[in-house]
Each structure stands twice: as structure tokens, then as C-alpha cells.
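Structure first, then comments.
The values are calculated or read from the model by the stated rules, or taken from the named source; none is laboratory data. Remember, predicted model here, so these are calculated numbers, not experimental data. We place every Cβ from the backbone using ideal geometry, glycine too, and count neighbours over all the protein chains shown. Keep in mind that these areas ignore ligands, DNA and RNA; they rest on the heavy atoms of the full protein, side chains included. Shrake-Rupley method; radii C 1.70, N 1.55, O 1.52, S 1.80 Å.
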2 protein chains.
Amino acid sequence: MIAIDWGTSSLRAYRLDGQGQVLEQRSVAVGLLACRGRFDAVLAEQLQDWDDPLVLMAGMIGSRNGWREVPYVRCPAGIDEIAAGIVELPAGGLEGRHLFIAPGLAQLPDAATPEVMRGEEVQVLGLADELPADGLHTLCLPGTHSKWVQLQGGRILSLRSAMTGELFALLRQHSLLGALMGAEARASHDSPAFERGVQASAAPGGLSHHLFGVRTLGLFDRLAPDEAPSYLSGLLIGHELRGLVPAGCGCVHLIGEDQLVRSYAHALALLQTPCRAYGQALSARGLFRLARHNRGLAAAAGGRDPDL
Amino acid sequence: MIAIDWGTSSLRAYRLDGQGQVLEQRSVAVGLLACRGRFDAVLAEQLQDWDDPLVLMAGMIGSRNGWREVPYVRCPAGIDEIAAGIVELPAGGLEGRHLFIAPGLAQLPDAATPEVMRGEEVQVLGLADELPADGLHTLCLPGTHSKWVQLQGGRILSLRSAMTGELFALLRQHSLLGALMGAEARASHDSPAFERGVQASAAPGGLSHHLFGVRTLGLFDRLAPDEAPSYLSGLLIGHELRGLVPAGCGCVHLIGEDQLVRSYAHALALLQTPCRAYGQALSARGLFRLARHNRGLAAAAGGRDPDL
């Protein structure tokens, strides 16, 4: 089968064997925004030399602005509920393929603020059955919008999001702080500056106050322009962790892109919180598990792959 | 004399009589950035029908990117130290004028993050001698970068800044949240949505987490596009207040632009913190007081105005 994580800015595709092992993988920068609605043509091009008929996708491709809006599954949810929410698409321009999209998750308390995710849940499912069934596990998936998940017995109990990655990009590109960093100061990681940012996030006063410190530290030559991005990153990640690491949390399971996961692991170490890191290929494993739990998919795969 | 508050985006000029009463005032959108270094020509044009020779300026005009960098006065400081830091400029293209620029204030602790302000200190001085000399007073000057001041016996003991106004503009103009608000949703104040934002800022999780709520509330039709800017404003101001209103604070003295001061007053009321509001004309009063405390200015004024 083919497992696809298709988000706003990129498409990652995995070709899997009958045991879910990754045979081949590719990542291209044709996210939703770049497709202009021609999802079938883009997908056909990406898959032209892979002849597996079964294609299961997850991510923003199932959102209102994606190929087809797949209703959110309500949280708490485990693999059964999520697999039951998978929707089959007409093959359209992709003859001989069976196309499916997995749903995202939504948490909809009556009084409090809703939460959503699309795509991260398959990474979570890729890890869920490897964690002890009886404990409460905390997962963090850093990104443009970080996701925090509480997992127990393989089920996703709750979600929380943080706009940390988007805030960093906004401040870097459009704010007074970004202007002070200069066009030259690329975000090469400066470890001491990052640590100073994480430590600064512990001071009283709040994020909006702390951000101004990026300016004043620069003004008095206490922070060089090429250190400022790492300091800012430490400040923002430090605030996210202080806000979202649950009290009494054991180990935080970090899933995501290498550099970002390293930054979060570094900040967690400064907060004396243990963590373990995993790569984004968990998507493939989660999608493989989902495919095995959905009847339509299993039937579609039936003729060709007895393992599914 | 003529008192001028000249900032990054605007110039406010006041013509004062010998008792510091405002005879005339004007406000124009020729801030530093719009001047392209031609400060004397811009000023000459603004003052052409006011013939008072004495001109005292404050604000970013005294910064590194202004007409001339006037060194910061170290905090704690009162009117004597600030008046002593005033610098006279060559009149240049403004013959017959005596031009002075007031310094800003800097707080430079060895270990903690520095703080600065330029321009707000004259508003503080405009109010300082009207407050009881023996208490500790908290002043808040909302703006692109809000300033919080602790005042005692007419002296500024400490400063703190918050980038709340800039964050609002960034999120409104460049973020995913701004895109959801739509181009049409202007920032007309929606009082219930603003209150919801202030209340939401009290929840656990931190600002980066709460900001994502603007998106999800919209996604599930719990917040209309034209309510979102007020909700966002309430969220950001709520965070600023929860971070910066000192514990046990009595009354917060708010100085600034009307609409913004009303928003802060509204949020403070929700936090059960009393406040009192003042307009920006305090600048004129503060500059008048400063002029009387500086020998060079008093001498320059001597021939024409026996009161100075």
C-alpha cells in the first residue's frame, strides 16, 4: 500500500510492504496550497512509478481546503474510531487506485476552547501500540502549530495546540525584532543563546514582555544579531513547555522533524523533564495500522495483499 | 515654548504659554520613518506659523535612528536627572529657534534584561507631581510597545515593556488567524468578544496555546470573523495585564490614546483592578516641567519668557 501524509506545505509518501515496512519514500514540497485544487493530477504524478492500488492519506488534504472535507472524529478516540472515519474517494484521474482519506481529531468541550488536529494523529497511532498500555503518556509534536497529546491504553484522551512555530516565523519575518536580527542572521542554532532564551521564559511578566527583551538585549550589545533567532526560539519554546508540559509528567515523547525535535529536547532537558525522540516516519506506521483496522480498505486490498 | 512628542509614526506638537497651558496643538503622521533624515525641514514646516523660539522634543527623535542620539538616563530617575540629560541641537535650518531633545530612560540591571523608553517618560512626568508623593504608583502606557512604570515620590523606580500592540498587528496582518478574520473584519470593538478573550487569557496553557483558540473557535462557528479581532485583542491585553499588573497594586494610571485606554480599562475592570485614565496631552505638561528644570533651556527662554 501507499501511505501519504499531505499537509499544507508538503507531501510525504511511503511505499509499504505487507508488514508495513517502508520500501521507498519521497517527500516533495507540493502541499495543499501549491496544488490549486488539482489534487488528482499532483498525486498521479507523484505515484506514477509506484503501482500499488491502495492509497491512504492523512493530513490537511482532508480539511475544508483540501481534496475533500472528512469529518473530524471526536476525541477521546482510539484506532477503531479513527479507522471507522476513513472516507473513500472516487479514483478520478487515478484509474486502478483505491483512494482513502483518514479523518482528523477534534476535541469539543461545551464550555472550553475546541482543539483540532489533522495528520499528527497518524503519527501518534504509529507510536501508540509501542507504549505500555496502562500508563498515561504525553506526546509532543512540534511544528508550525505544535500538538500535545495525552495517550492512555492506545487512545488519544486529549489534545492541545500552540502556535509557537508560526509565532517564530512571524516575529522573524515581520516584526521589529526580525529587523534587528538583520537579513543575514540565519537561524543556525546557537546553543548558549537558545539556553538563555529558555531560561528567560521562566521570569515573571509573560511572553509579550519577554519578547521586548530580544530588542533591548540587542540594543545594549548583550545579544548579537546572529544569536537573536536562537534566543527568540528558546524564549518561545520555553513558554510553550512551561504552559503545556503536564504537572507530574514523566517522559515527553517528541515526534517531528529532526532539528525541531532537538530544540525541544534541549529545552526539556533545561526544565529537567526527560524525553524520547521519534522521526516523522511514524506516519507510515500509523497509516498502515489504520488500513488494517478499516473494512473498506481491507476489502480493497483483499485481492492483492492477503496481509491487509 | 513648543513641546513636541516625536515618535516612529507621528509627531505631536503643542504650543504652550508661560504657565504650560496648551494654546494650540497639532498632530501629523510624519514620524521618524517618514522623514528620511530631513528632520530640520520637516520641523520647520510644522512650526512655520508658530514663532516661539524654544522647542523641546522627546521620543524616538532622540534615538539612534532619530535626529541625534541622546544618551539614556539610568533608572531610577526623577525630573532632575532627566532634565540634566537634555541635549541642545544646532538650529541648522531653523534659524532663531533653540532646539532641545530630552533623553529616554534605561534600566540596566547586571543580570536581568534591560528596559528602555523614549517619549513615555515625559507623559509620566506630566502626571508625576499630581500623584501623592508618599505612595507607590503603577502607570501603564499602552501602545505598540506598552510601558509599565512604578513611580514613587515623583521618581520613576522601574520600567517594563510588552510588545502587545505589535503582536496584535502582526497576528492581524500576517498570520493564519488574520487570514481567518477576513479582509473585511475591521477592528471595530466588539465588547462581548473582547471580554471572552480577556477571560480566556486566565486559562492554563500560555499565550501560544491560547492564540490557536482564535482559529478553532472560528472553525466551529463559536466566534464570527468580525468578532475575532476583539477576541484576539482581549486575549493579548489579558495576558499583558496578568503578567505585568504588580501584586497588590492599587489603582493603575492609564495614559494613552483614547480607544486603547478604553480597552485596557475594560480588561482591568474584568480583573477587578481599579484604574484611572489620562490623555496623551500629558506630554505637553511633562515637557513644560522638564524645560523649567533645565538650566540651558531656562537661559535660552530667559530673554523672552520670564516664567521659564
Item to complete: Quantify how much of the Cα-Cα distance distribution of the protein assembly as shown extends past 44 Å, in percent.
Response: 31
Item to complete: For chain B, just the Cα atoms, rotate onto the principal axes and tell me the three extents in Å, largest first.
Response: 69, 43, 38
Discussion item. Within 10 Å of each Cβ in B:142-155, how many Cβ atoms from other chains are there, averaged over the peptide?
Written reply: 1
Worksheet item: How large is the accessible surface per residue of the protein assembly as shown, computed with a 1.4 Å probe and reported in Å² as a whole number?
Response: 41
Practice prompt. Please state the charge dipole magnitude for the protein assembly as shown, taken about the Cα centre, from unit charges on C-beta atoms (+1 on K and R, -1 on D and E), reported in debye and rounded to the nearest 20.
Written response: 240
Discussion item. Can you give me the solvent accessible area of B:T164 with a 1.4 Å probe, rounded to the nearest 10 Å²?
Written reply: 10
Worksheet item: Where does the range A:189-250 land on Rg(C-alpha)/(2.2 N^0.38 Å)?
Response: 1.13
Discussion item. What does the C-alpha gyration tensor say about the overall shape of the range A:223-264? Classify as rounded when a/c is under 1.5, otherwise prolate if a/b is larger than b/c, or oblate.
Written reply: oblate
Worksheet item: Which whole-angstrom value gives the distance between the alpha carbon centres of the range B:83-161 and the range A:114-165?
Response: 48
Discussion item. Could you give me D for the range A:1-102, from Stokes-Einstein at 37 °C and 0.692 mPa s, where the hydrodynamic radius is the Kirkwood radius over C-alpha pairs? Units µm² s⁻¹, please.
Written reply: 236
Worksheet entry | Cα-Cα P(r), the range B:78-125, percent of pairs per 5 Å interval | 5, 18, 21, 18, 16, 12, 5, 3, 2, 0
Fill in: Pairs of Cα atoms farther than 24 Å apart, the range B:43-156, %
32
Worksheet item: Counting only protein heavy atoms and using a 1.4 Å probe, what share of the accessible area of chain A belongs to carbon plus sulfur, as a whole percent?
Response: 49
Fill in: Calculated [θ] (222 nm, deg cm²/dmol) that DSSP helices of n ≥ 4 give over chain B, each run adding -39,500 (n - 2.57)
-11000 deg cm²/dmol
Discussion item. In the range B:135-254, if the dipole is taken from +1 on Lys/Arg beta carbons and -1 on Asp/Glu beta carbons about the Cα centre, which of B:H209, B:P142, B:G153 is farthest to the positive end?
Written reply: B:G153
Worksheet item: Just how far, in whole angstrom, is the range B:41-57 from the range A:190-226 if you go by their alpha carbon centroids?
Response: 40
Response to the item:
Quick shape check on the range A:134-173: root eigenvalues a ≥ b ≥ c of the Cα gyration tensor, a/c under 1.5 is rounded, otherwise prolate if a/b tops b/c, else oblate, and it reads prolate
Response to the item:
Sorting from shortest, the nanometre distances separating the label point of B:Q48 (7 Å past Cα along the line to Cβ) from those of the same residue in the other copies are 6.8
Practice prompt. Once the label point is placed 7 Å from Cα along Cβ, list for A:P132 the distances to the corresponding points in the other copies, in nm, shortest first.
Written response: 6.0
Worksheet entry | Alpha-carbon spread of the range B:113-214, three principal axes, descending order, Å | 48, 30, 28
Worksheet item: Computed from the mean reciprocal separation of all distinct C-alpha pairs, what Kirkwood hydrodynamic radius does the range B:238-308 have, in Å?
Response: 14.6
Fill in: Relative contact order computed over chain A (Cα-Cα under 8 Å; 6+ residues apart), in percent
18
Fill in: Nm distances between copies for B:P192, ranked from closest, using label points 7 Å along Cα→Cβ
5.5
Worksheet item: A plus B alone minus the pair: what accessible area, both sides summed, probe 1.4 Å, in Å² to 100?
Response: 3600
Item to complete: Find the relative contact order for the range A:1-100 and round it to a whole percent, using C-alpha pairs within less than 8 Å whose residues are 6+ positions apart.
Response: 26
Worksheet item: Between B:L219 and B:Q173, what is the spin-label point distance in nm, taking each point 7 Å from the Cα along the Cα→C-beta axis?
Response: 2.7
Practice prompt. Could I have the simple spin-label model distance between B:A112 and A:Q25, label points 7 Å from Cα toward Cβ, reported in nm to one decimal?
Written response: 4.7
Practice prompt. May I ask you to derive the FRET efficiency for B:C251 and B:E95 from their Cβ-Cβ distance with R0 = 41 Å, giving the value to the nearest 0.05?
Written response: 0.30
Discussion item. If you take every DSSP beta bridge fully contained in chain B, what fraction is antiparallel? Give it as a percent rounded to 5.
Written reply: 65
Discussion item. Counting only other chains, and only Cβ atoms inside 10 Å, what mean value do you get across the residues of B:218-227?
Written reply: 2
Worksheet item: How long is the gain from B:T273 to B:V87 if the chain were fully straight, where each residue apart is worth 0.36 nm and the alpha carbon distance is subtracted?
Response: 63.0 nm
Item to complete: Could you give the spread of the C-alpha atoms of the range A:199-291 along their three principal axes, from largest to smallest, in whole angstroms?
Response: 56, 30, 20
Fill in: Point-charge dipole on Cβ atoms (K/R +1, D/E -1) for chain B, about Cα centre, debye to 20
520
Worksheet, complete the sentence: Rounded to two decimals, the Rg over Rh value of the range A:131-281 from Cα coordinates and the Kirkwood Rh reads 1.00
Worksheet, complete the sentence: In nanometres, the difference between 0.36 nm per residue of separation and the alpha-carbon distance of A:R36 and A:S158 is 40.6 nm
Item to complete: Enumerate the amide H contacts of B:V30 below 5 Å, restricted to partners 5 or more residues apart or on another chain; note that Pro and chain-start residues carry no placed amide H.
Response: B:L11
